[in-house]
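Down below is the structure, laid out as structure tokens.
Each value in this text was obtained by applying a stated rule to the coordinates, not by laboratory testing. What you see is a predicted model; the values in this text were computed from it and never measured. Please note: Cβ atoms are built from the backbone with ideal geometry, for glycine as well, and neighbour counts cover all protein chains shown.
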Amino acid sequence: MISLMKNLIRFLSRPGFMVLWLGAFGLGAGCATAPKPVPAGKLFHVGLVWLKEPGNAAHRQQIVAAAHAFAREIPEVQFLSVGQTLPSPSPYVDDSFDVCVVMQFADKAAMERYNQHPVHQKAANEAFLPLSKKILFYDFTSE
């Protein structure tokens, strides 16, 4: 037993392990800082999609893939997050949609360029419009 403890102490005191330990537990604590607010004037574009076939995983994935292409291929898209609804019992939460897309743009002109971009046009005509029974968008600027 004493031999096992000595080996464990020797292992834990090795420089490589100490660096790993400090990185994981010591320095990692600095990541728990308060989030920074988005600068005023940034434009956010929030889209909610109701599929023609609710629950169709393949159709939902087509919408998600099309949205990810926006972030990869359209320079005006500064931020993109896409996902499915989180069911909620709250009467204040609308969880009836299938997919939500949130994007950030520098300003209205950037969003207008995004709207005209061929990647967006293709996604609208080949994925969003054919697979959706309803799409709602909400646009707002940060303050």
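Within the stretch 67-82, the set of residues being touching a strand residue (DSSP E or B) at 6+ places or on another chain (Cβ under 6 Å) and of a type in the set (Gly, Ala, Ser) comprises ALA67, ALA71, SER81.
Scanning the stretch 50-66 for residues being among the polar types (S, T, N, Q) and surrounded by fewer than 17 Cβ atoms within 10 Å (Cβ to Cβ) gives a total of 2.
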